[in-house]
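Here's the structure, in structure tokens; my notes come after.
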Amino acid sequence: MPSWNSRGLRGSTLEEIINLTNQKYRMNHLALIQKIPTPIKPITIDKNTRHITLAYFEQKSTVDYIGTVQGIPVCFDAKECAIDTFPLQNVHEHQIQFMKEFEEQNGIAFLLIYFAKHDLFYYLTFEQLLKFWERAKNGGRKSFLFEELDPHYQISTHNGVFVHYLEMIQKDLENR
């Protein structure tokens with residue numbers, strides 16, 4: 001079970017919370033979203049424990065999660081930020097390209113960001129992410145500030161769902 005501590009969520013805990021949310025969505029027949037494993041090539045395996053001790057990424061990963069919500073294709077990447085400034089170096093060019101192509105196929109792409117300092121989850125639309133990305137490419141800030149974000153996309157936690165991002169997908173669709 002995920003837990004909170006004084007140092008905030010850690011990557012694996014954030015993933016666990018999202019996975020629990022996705023299980024709840026699936027049980028309620030609201031969405032079918034799955035974690036995409038990052039393909040690795042094992043190099044060294046401990047013979048006693050059978051654990052991989054050295055591995056390389058076989059290919060670049062695209063996003064963390066992909067699936068469908070009521071027939072709408074959805075993909076997103078989960079990120080964690082400890083401060084008020086989110087560095088765009090945490091998102092890679094190939095991820096932006098994948099999300100762009102996904103949106104061109106009438107899917108919805110977004111970032112789900114946990115801001116530890118504020119103890120809140122945020123839904124960053126692909127449209128807004130692309131604006132920040134283009135600003136950086138054109139010589140502007142290589143990050144964005146928490147204050148630049150639309151507070152209407154903060155994710156609530158209720159109804160037994162840990163990170164209720166479906167409400168934000170609905171808002172995203174309404175604003176397109």
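The values are calculated or read from the model by the stated rules, or taken from the named source; none is laboratory data. For clarity, every value in this text was computed on a predicted model and none was experimentally measured. A quick note on method: Cβ atoms are made from the backbone with ideal geometry, for glycine too, and the neighbour counts reach across all protein chains shown.
Summary table
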| read-out | value |
| --- | --- |
| Output for region 4-37, where each listed residue is surrounded by 13 or more Cβ atoms within 10 Å (Cβ to Cβ) and either over 23 Å from Met168 (Cα atoms) or modelled with pLDDT under 75 (or both) | Gly8, Leu9, Arg10 |
| Region 68-93, subset surrounded by 13 or more Cβ atoms within 10 Å (Cβ to Cβ) and in a helix (DSSP H, G or I), residue nearest to the chain's Cα centre (by Cα) | Asn90 |
| Tabulated pairs, region 128-146, first closer than 12 Å to Ile96 by Cα and free of Cβ contacts under 8 Å to residues at least 60 places away in the same chain, second of a type in the set (Val, Ile, Thr) and assigned to a helix (DSSP H, G or I), C-beta under 6 angstrom, 6+ apart or interchain | Trp133/Ile96 |
| Conditions (1) out of contact with any Ser or Thr (no Cβ under 7 Å at 6 or more places or on another chain); (2) exposed (fewer than 14 other Cβ atoms within 10 Å of the Cβ); (3) at negative phi: number failed by Leu145 | (1) |
| Pairs with Cβ under 6 Å, 6+ apart, first in region 1-25 and at negative phi, second of a type outside the set (A, V, I, L, M, F, W, C) and modelled with pLDDT under 50 | Thr13/Pro2; Glu16/Pro2; Ile17/Pro2 |
